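Heads up, the thing below is written out as structure tokens.
Every number here is computed from the coordinates shown, using simple stated rules; none is lab data. This is a predicted model, so every value here is computed, not measured. Positions of Cβ are backbone-derived with ideal geometry, glycine not excepted, and every protein chain shown enters the neighbour counts.
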Amino acid sequence: MTGIPLLETRNVGLAYATDRGPIRAVDDVTIQVAAGECVAICGRSGSGKSTLLSLLGGLARPTSGTVLYAGRPWTELRATEIQAARAGGIGLLWQESVLLPGLTALDNVVLPQLVAGHPREAACARAEAWLTRVGMRERWDAHPAELSGGQQRRVALARALATEPRLILADEPTNDLDALAEAEIVRLLAEIREAGTTAIVVVTHDPAVAAIADRRLWMERGRITDGSIEAVPRPAPPIGPPASSSSATVPLQAFEPAAPELVPQAPAVATAPWRRTLVPFALGLGVAAAAIAGIDRLVARRQERVVETIREQRRLAEEMALQDLRADIDDIAPDGPDGFTATLFLENFRPERPLHVLGPATGVAVQRDGRWESLTTGASQAARDIRRVGADRLLIPVSFALPAGPYDELLRGYIHVRISASLVVGDRDDGTGDLFERSDAYYVYLRDPRLTEDAIRAANGWGAKAAVPLWIPMPAH
Ligand code: ADP
Ligand code: MG
């Protein structure tokens with residue numbers, strides 16, 4: 001190994017304090033990973049693999065020993081250096097989806113690049129190229145909830161790779177995937193390894209994944225077990241998907257409708273007054289994305305004591321995003337024969353504490369046959385603006401048209417409608433500080449515009465003078 005290893009641990013350990021005494025999840029581990037190298041960490045569940053991965057990525061703090069990234073201990077890096085390393089240098093691929101639910105697949109891939117300082121046009125072009133490479137270009141406008149586990153994993157891989165990181169940390173990337181999706185991920189990882197510019201540390205108990213690695217380390221009870229380090233000479237043995245599916249992209253399933261033209265609307269579309277603050281906000285947003293995705297899941301869950309202060313700060317920010325910011329439906333009014341405009345409002349309960357929002361991105365769905373069917377809504381500029389929320393209500397109109405019925409009617413003559421809004425909330429307009437993504441859904445019964453008030457009264461057995469409101473708010477469910 002020449003030069004400084006990209007990653008190095010020196011007698012690193014992490015002991016979790018529990019009621020029954022400390023659990024040494026990682027115990028006295030000394031390893032090195034060279035630039036461009038692919039290392040698989042294998043072992044039974046509970047052997048400490050995920051904890052070691054968090055230590056390698058600087059997401060968890062060792063209780064003994066040291067972890068060095070590019071020759072410098074994580075603990076000695078300044079916050080800005082850590083953010084820079086995470087934003088541009090390290091791609092995380094965790095088992096659970098780490099995609100931001102309120103953003104499209106494309107925007108999820110664009111965001112970390114903005115964080116890494118790439119200009120928006122280049123970021124969008126690269127995001128498109130990476131989505132193509134992982135076979136997800138056709139679904140560029142889908143939100144994570146609309147994608148299967150394997151598809152989400154592929155978008156997450158595109159996101160991890162779009163910044164051309166020096167290091168990918170992957171935790172059981174093929175877990176819970178079907179054979180084809182697994183083969184796709186393995187093929188992509190093998191390609192990255194072949195290219196040789198990105199080091200990969202992959203935790204796995206999938207032999208197909210372990211097979212592509214240059215070296216395999218075995219973990220047992222927090223330790224790398226002796227004599228188990230095997231070297232696999234390059235080139236790697238032929239790997240990858242079954243021959244039939246070895247095309248560069250996965251064919252789309254026939255039932256998926258053709259994708260609309262790819263129109264990047266990443267969060268950085270500047271509107272005049274925000275042009276100055278947008279890039280830093282996007283920066284903060286991406287850092288928050290990393291924070292929400294990685295730090296929250298791993299550190300908060302596993303390192304409760306160590307990050308108590310950070311959590312306290314985040315708790316305050318969360319309180320602000322969830323409690324101080326009130327959001328609800330102000331009114332719904334008819335708008336054309338089958339159309340409506342719902343007006344949402346945002347209000348800051350504690351106006352003395354400033355509050356800024358990006359969004360909301362809104363959606364409307366109606367219930368049919370027990371399922372929610374999304375409606376086309378009028379383009380909402382709000383989704384791309386950053387605005388300060390003060391004591392005065394900020395109103396956000398969402399217009400939509402009802403297609404022909406039938407609908408599910410829990411109350412005769414009323415259509416079950418869901419209006420959803422997701423936004424990113426922060427306390428500063430420059431995007432520094434903590435940011436939270438908040439998603440709300442409002443459920444209403446909306447009067448069917450094709451029925452008269454009398455018909456609705458009759459259908460429900462209401463008296464002749466009973467009020468027939470245009471809409472009835474329902475409790476969240
Ligand atoms: P693996 O990824 O190999 O399944 P982990 O790194 O998740 O293993 O866990 C290693 C050990 O540490 C296990 O015994 C697990 O129960 C324990 N552990 C993990 N997280 C915590 C925690 N937050 N508190 C206490 N023990 C933990
Ligand atoms: Mg694990």
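No solvent, one uniform scatterer per C-alpha: report log10 I(q)/I(0) for segment 325-474 via the Debye equation at q = 0.09, 0.15, 0.20 1/Å, two decimals.
Debye intensities relative to I(0), on a log10 scale: -0.34, -0.79, -1.16.
Note down the magnitude of the dipole of segment 7-239 about its Cα centre, charges +1 on Lys and Arg C-beta and -1 on Asp and Glu C-beta and zero elsewhere, to the nearest 20 debye. Mind dumping the intermediate values first?
Numbers: 25 positive and 28 negative charges, 97 e Å.
About 460 debye.
Rounded to two decimals, what ratio of Rg to Rh does segment 321-381 give with C-alpha atoms and a Kirkwood Rh? All intermediate terms of the calculation are to be shown ahead of the outcome.
Values: Rg = 14.8 Å, Rh = 14.0 Å.
Across segment 321-381, the Cα-based Rg/Rh ratio is 1.06.
Taking the alpha carbon gyration tensor of segment 137-234, what are the square roots of 5 times its eigenvalues, largest first, to the nearest whole Å? Could you put the intermediate results ahead of the total?
Details: eigenvalues 140, 48, 28 Å².
Equivalent-ellipsoid dimensions as semi-axes: 26, 16, 12 Å.
Based solely on C-alpha atoms, express the radius of gyration and the Dmax of segment 92-190 in angstrom.
Gyration radius and largest Cα-Cα distance of segment 92-190: 12.3, 37 Å.
Does segment 34-123 come out rounded, prolate or oblate, given a ≥ b ≥ c as the square roots of the eigenvalues of its C-alpha gyration tensor, rounded meaning a/c under 1.5 and, failing that, prolate meaning a/b above b/c?
Numbers: a/c = 2.13, a/b = 1.41, b/c = 1.51.
In terms of gyration-tensor shape, oblate.
Kirkwood hydrodynamic radius, computed over distinct alpha-carbon pairs, for segment 7-239: how many Å, to one decimal?
That comes to 18.1 Å for segment 7-239.
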